[in-house]
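Values quoted throughout were computed directly from the atomic coordinates according to the rules given, and no laboratory measurement underlies them. If you're wondering where the values come from, they're calculated on a predicted model, not measured in any experiment. Don't worry about glycine lacking a Cβ; one is built from the backbone with ideal geometry, like all the others, and counts go over all protein chains shown.
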Amino acid sequence: MPEYSFDTAEPVDLRVRNASGTIAVTAADVATSTVDVRPVQDPDGGGDLAEETTVTFDRGRLTVEVPERRGWTNGGKHKIAITVTVPTGSALTTRSASAAVTTTGRFAACTVRSASGRIALDRTDGPVDVTLASGDITIAAGGRISVQGTSGAVRIDRATGDVDVNSVSGRIRIGVAEDSVRAKVVSGSITVEEACAGEVVVSATSGRVVVGVRRGVTA
């Protein structure tokens with residue numbers, strides 16, 4: 001299956017489009033970016049899709065694009081696993097229909113767009129922007145964080161910037177919030193464990209709301 005390698009002494013701008021399967025990205029102290037493309041399932045055409053996937057690097061931007069085929073937007077059987085390693089401090093943008101997205105390491109910024117799937121993001125120094133219609137979202141740490149979802153659990157362990165979370169149903173849990181928080185859910189619960197500064201505005205039409213305030217902070 002295809003494997004690619006590029007000399008990248010500096011952080012890169014990584015763009016990945018993979019409709020169905022997995023996207024796993026590691027940010028590490030490396031001077032070479034690597035991309036591995038392989039089928040998750042190969043009953044009929046998965047191997048061809050892996051071979052047809054385009055991987056390019058131009059002026060700091062690393063692009064991985066799996067070609068779309070009929071049935072992909074509905075989570076078709078041709079699933080591709082994309083595994084990438086980039087330098088620490090790189091930026092990531094992913095687009096998918098039903099791929100699971102996982103990051104490990106420290107990134108400058110992360111943007112994730114998907115209809116369904118599980119999203120698990122490690123540390124991000126800057127903005128985190130996630131749009132997911134159905135599925136669970138976990139964010140270890142980020143700067144300004146925006147999450148737009150329809151159903152599923154949202155967990156944010158730490159945010160150094162503003163947090164904005166909107167969901168129709170599911171649990172929202174925010175650990176340490178160092179700036180303002182806005183969270184809204186129609187059916188579900190909201191927990192802010194430690195609000196450190198700024199304004200906290202939460203709304204749950206049906207469900208429990210709990211807000212904790214750091215000692216010494218005026219509520």
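As I understand it, the dipole of the chain uses +1 on the Cβ of Lys and Arg and -1 on the Cβ of Asp and Glu, about the Cα centre. Which of Ser96, Val130, Leu49 lies farthest toward its positive end? Of the options given, the answer is Val130. Straightening the chain between Arg59 and Thr111 buys 16.7 nm, computed as 0.36 nm per residue apart minus the Cα-Cα spacing.
Packing-based ranking of 196-203, 91-98, 61-68 yields 91-98, 61-68, 196-203, ordered from highest to lowest mean Cβ neighbour count within 10 Å.
Once the C-beta distance of Glu10 and Arg182 is scaled by a Förster radius of 25 Å, the resulting FRET efficiency is 0.10 to the nearest 0.05.
Per residue of the chain, the DSSP helices (runs of n ≥ 4 H) give a summed -39500 (n - 2.57) that works out to -1000 deg cm²/dmol at 222 nm. Taking the average, over residues, of other Cβ atoms within 10 Å as the packing measure, peptides 128-134, 80-86, 51-57 rank 80-86, 128-134, 51-57 from highest down. Here the spin labels are modelled as points 7 Å beyond Cα on the Cα-Cβ line, and at Glu68 and Val209 they lie 3.9 nm apart. According to the Kirkwood relation over distinct C-alpha pairs, the hydrodynamic radius of the chain is 17.9 Å.
In this simple spin-label model, placing a label point 7 Å from the Cα along the Cα-to-Cβ direction at both Ala120 and Val201 gives a separation of 3.4 nm.
Given their separation in residues at 0.36 nm each and the Cα-Cα distance between them, Thr88 and Asp48 gain 11.2 nm when the chain is fully extended. In the range 134-219, the C-alpha radius of gyration followed by the widest Cα-Cα span (Dmax) gives 11.6, 38 angstrom.
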